[in-house]
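Take a look at the structure below.
Laboratory data are not the source of any read-out in this text; all were calculated from the coordinates shown. Nothing here was measured: the structure is a model prediction, and the numbers come from that model. Here the Cβ positions follow ideal geometry from the backbone for every residue, glycine too, while neighbour counts run over all protein chains shown.
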Amino acid sequence: MDYSFDNIEDSLDNLSFPDRLKSVWSLFKHTFTIIGHDEDILVPWYRLLIYNTVMVIAFFYGWLGWWLDLPLEGWMIFLAIVLFIYKYFYYNKQEMRMSWIVYEVVVGNDPDYPSSVAACKSIQSQIRKIAWLDIGMTFIQKGKWAGGGFLMILVRLFLSGVEEVWDLINHYLLPSVAVDKLDITSGVKKMKKLKSQIPESLVGVFGIDFLGSVTRQIVVPVYLVLGVLAIGLGVGLAGYVPSSEIQGSENAKYWFETLQFTWIPVVVALMIGKLFSSIIAQTVTAVKVIYFTIFYTKITHPNRIKPELQADLVDYLKLKGVDEVDDLDKQDTDPAPNPNPAG
């Protein structure tokens, strides 16, 4: 049964928070099921998580350390800054290695992480180019909120579209570089020709950022809960840890005139929230890399895929592993009610 990917996106956009989380987890599980539970595919993901954890903890330790006079707080801030600047190059390096491993698994080989490191040495310049483009897009994202007025509203709308397009281009470029060792320019030119090569059953996938619509609001409730807890602990622990006095305004005299409050729980809550959002972000990135690598291979090198995976990969690319999409497909295949029932 053929169904519209526009309907799928609309269905995913309208999900409640628990269903959004469930759909992401369902796709994540199915992703690693379809490629054979090869543990080497997870190694770049583990490394991304470790890198993010060290970077986030270093920053927040330095923040608390500057306030509480903890040892090495200056070095931790410096480490966080270095890791933040280098992360674009490190991310792309790990994503490229993951893409190469996925391709090797799909075509029937048994790769390992050291092999991916060796295979990607020849494409270091392409990885750096993509990293610099990522940095450029980050500056665009930060700068789009500057200024006001109708013109800036139009600029923000345009830049938001550019960001979404770049996210898709980035994930299409990764396998073209990892698999076929193409330069960035050649990869973009080849991508323009890909749509004419896409099988009819998969044409709806091209140009759709399906995970972006599912995960956009996952972290918001977590930050809300952490914020409430942090405020409560900030008041409750004020007498036991370093705290400051908050002066109430004249209109606040019915609640408090002065209030002892410690900001330590707020900083810790921000750190926990950032660690959680980083895990979600890197998980989504890993699924995207795997998905688009399989998609690229299915289009450009279909004869190389293991025969026993051919049918399963088509179902996977059509998001058959996501429960919400399966439900939509089931609704589309249910027979329409008879407008003139007998009796």
(Q) I need the calculated FRET efficiency for the pair HIS301 and TYR46, taking r as the beta carbon distance and R₀ as 25 Å, to the nearest 0.05. (A) 0.35
Q.
For a quick check: with amide H placed at 1.01 Å from N, whose amide H comes under 5 Å from GLN260's, ignoring anything fewer than 5 positions away on the same chain?
A. ILE246
(Q) Among 56-63, 29-36, how do they line up by average Cβ neighbours within 10 Å per residue, starting with the highest? (A) 56-63, 29-36
(Q) Between segment 55-131 and segment 255-316, how far is it from one alpha carbon centroid to the other, in angstrom? (A) 15 Å
**Q.** Sequence of SER186, SER277 once ranked by neighbouring C-beta atoms within 10 Å, starting from the fewest
**A.** SER186, SER277
Q) By count of other Cβ within 10 Å, fewest leading, how are SER99, SER26 ordered? A) SER26, SER99
(Q) How far apart, in nanometres, would the label points at ILE135 and VAL314 be if each is projected 7 angstrom from Cα along the Cα-to-Cβ direction? (A) 4.5 nm
Q) If the chain between TRP75 and SER115 were fully stretched, how many nm would it gain, using 0.36 nm times the residue separation less the Cα-Cα distance? A) 11.0 nm
Q | Packing-based exposure ordering (other Cβ within 10 Å, fewest first) of THR285, THR293 | A | THR285, THR293
